[in-house]
1. How about the range 243-279: which of its residues are more than 13 Å from Gly294 (Cβ to Cβ) and free of Cβ contacts under 8 Å to residues at least 40 places away in the same chain?
2. Among the residues of the range 246-261, what is the count of those that are of a type in the set (Asp, Glu) and closer than 25 Å to Thr308 by Cβ?
3. Looking at the range 185-232, which of its residues are among the acidic types (Asp, Glu), touching a residue at least 40 places away in the same chain (Cβ under 8 Å) and part of a helix (DSSP H, G or I)?
4. Please indicate, with yes or no, whether at least one residue in the range 100-107 is over 30 Å from Met280 (Cβ atoms) and aromatic (Phe, Trp, Tyr).
5. Name the residue that is nearest to the chain's Cα centre (by Cα), counting only residues in the range 77-88 that are buried (at least 18 other Cβ atoms within 10 Å of the Cβ) and not in a loop (DSSP other than H, G, I, E, B).
6. I need every pair where a residue in the range 173-184 that is aliphatic (A, V, I, L, M) has its Cβ under 7 Å from the Cβ of a residue that is surrounded by 12 or more Cβ atoms within 10 Å (Cβ to Cβ), sequence separation at least 6 or different chains.
7. Val311 passes all but one of (1) loosely packed, with under 14 Cβ neighbours inside 10 Å; (2) modelled with pLDDT of 95 or more; (3) within 17 Å of Asn94 (Cα to Cα); which number fails?
8. (1) surrounded by fewer than 15 Cβ atoms within 10 Å (Cβ to Cβ); (2) not in a loop (DSSP other than H, G, I, E, B): which one isn't true of Val278, the others all being true?
Amino acid sequence: MNASTLLGCCLVIAGTTIALAQPSGPATPGSTTPTSSPSAPQVRTNALPPAQPAIADIRPATSPTLNNATPPPRLDFENRTATFGGHSWVTKPNRDAVMGFTFPVEISHVAVRAGDRVSTGQLLIRARDGEAVSSLAVQRVRAENDSAVKTAQANLELTRLRFDAAQRAQAGSAMNPQEFEERRLAVAAGEAQAANALATQQEEQQKLVQLQEQVQRYRLEARYDGIVDMVGAEPGQAVDINQPVLRIVNIDPLWIDLPTPIDETLNLKLAEGSRAWVMMDAPEDLGGAEVIVGRVLSVAPVTDNAGTRRVRVELPNPRLLPAGLPVRVRFSEPALASKAPN
C-alpha cells in the first residue's frame with residue numbers, strides 16, 4: 001500500500017487527532033496547499049472532548065446490602081489457627097428439637113417468640129382444645145365417682161351379716177338348708193358385684209388418663225431448658241400433621257461432632273472424659289479467637305468410609321455464643337495458652 005491510497009485517513013491516539021498528509025499531486029493554479037514530504041505526517045492538536053464517566057462511576061458510593069454483603073475476614077482467628085493446628089469443624093446445639101402436632105389442629109395461642117429463653121414444662125403453643133377439655137371434664141367426674149363401689153361393698157357387708165346369722169342358726173338346727181344355701185350364694189354374688197364395681201371405676205380412671213394424654217397433645221411444651229429459635233405459626237392458623245411450627249435449642253454447652261482420623265483416636269487413646277482444646281472464632285467484643293478446654297463425651301465405635309470416627313466434644317458456653325461458629329479442635333495441648341470462658 002502506498003501513500004496515495006491513504007487519502008483522508010486519520011489516527012486517534014490518546015485524544016489527539018493525527019492526520020496523515022495527502023500525497024502531493026499536480027498543483028492546481030492558485031492552490032495554497034503547502035508541499036510536504038509523503039513520509040512526514042501532519043499533526044493537528046485538536047483534542048477530543050473529555051470522555052464522559054461511565055454510569056457506574058457517577059453513582060454515589062453505597063453501603064453493601066444484606067444480599068451482597070460479605071463479612072470481613074477474621075484475621076485474628078485465621079492467623080492464630082495457622083499456629084494452633086488441629087481440625088476444622090463447626091459447633092452445634094446439644095439439644096435441637098423441631099416441634100409440631102401429631103394431628104391436624106387450629107392454633108389457639110402462641111406463648112413465646114423467637115429468642116425467648118424457656119424452661120422445662122413451659123407452654124409454648126396451644127391448639128384449639130375446647131371439645132377435648134370438655135370430654136376430659138366429663139370423664140374426670142366418672143372416674144372420681146365411687147358410689148357404685150361403695151354400694152357394692154355395703155351390699156356385700158349386708159349379705160355377709162345375714163350369712164353369719166344363718167351359720168349360727170344352722171348350728172342350732174334352726175335354719176332351713178335351702179335358705180342357708182341362698183344366703184351363702186348371696187355372699188358370693190355380693191363379692192362379685194363389689195369386684196366388678198371396683199374394676200369399672202379403675203377402667204374409668206384409665207380412660208381419664210387416656211383423655212388427659214389426648215388433651216396434652218394439643219399443647220406443645222418445652223422438653224428441656226433452651227432458647228426458641230423459630231416460631232412458624234400464628235393464632236387461628238390451621239396446621240397439618242407433623243408440620244414444623246417451632247424449634248427450640250440448647251446451646252450451653254455446645255457440641256462438636258468431629259470426624260477424627262482413626263489413627264489419631266487410637267494413638268491418643270481418646271475416650272469419654274479426654275480433654276480437647278478448641279479455638280473458637282468469637283466476636284472481638286467477646287474475646288476474639290480464644291482457646292477453650294472441652295471434654296470428649298463419646299467416640300464412635302465404628303469408622304466411616306473416609307477412615308474417621310466421630311468424636312463428640314462438649315464445650316462450655318456460658319456466654320451463649322451461637323451454634324455454628326467455626327472452630328479448630330485438637331486433642332493435645334497447644335503452645336497457645338488456653339483461655340477459660342467468662
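The values are calculated or read from the model by the stated rules, or taken from the named source; none is laboratory data. Owing to the predicted nature of the structure, the values given are computational and were not obtained by experimental measurement. Counting neighbours? That spans all protein chains shown, and the Cβs are built from the backbone with ideal geometry, glycine included.
1. Correct list: Asp263, Leu266, Asn267, Lys269, Ala271.
2. 1
3. Glu204
4. Within the range 100-107, one or more residues are over 30 Å from Met280 (Cβ atoms) and aromatic (Phe, Trp, Tyr).
5. The selected residue is Phe77.
6. Sorted first by the residue in the range 173-184, then by its partner, the pairs are Met175/Ala166; Met175/Ala169.
7. (1)
8. The number of the failed condition is (1).
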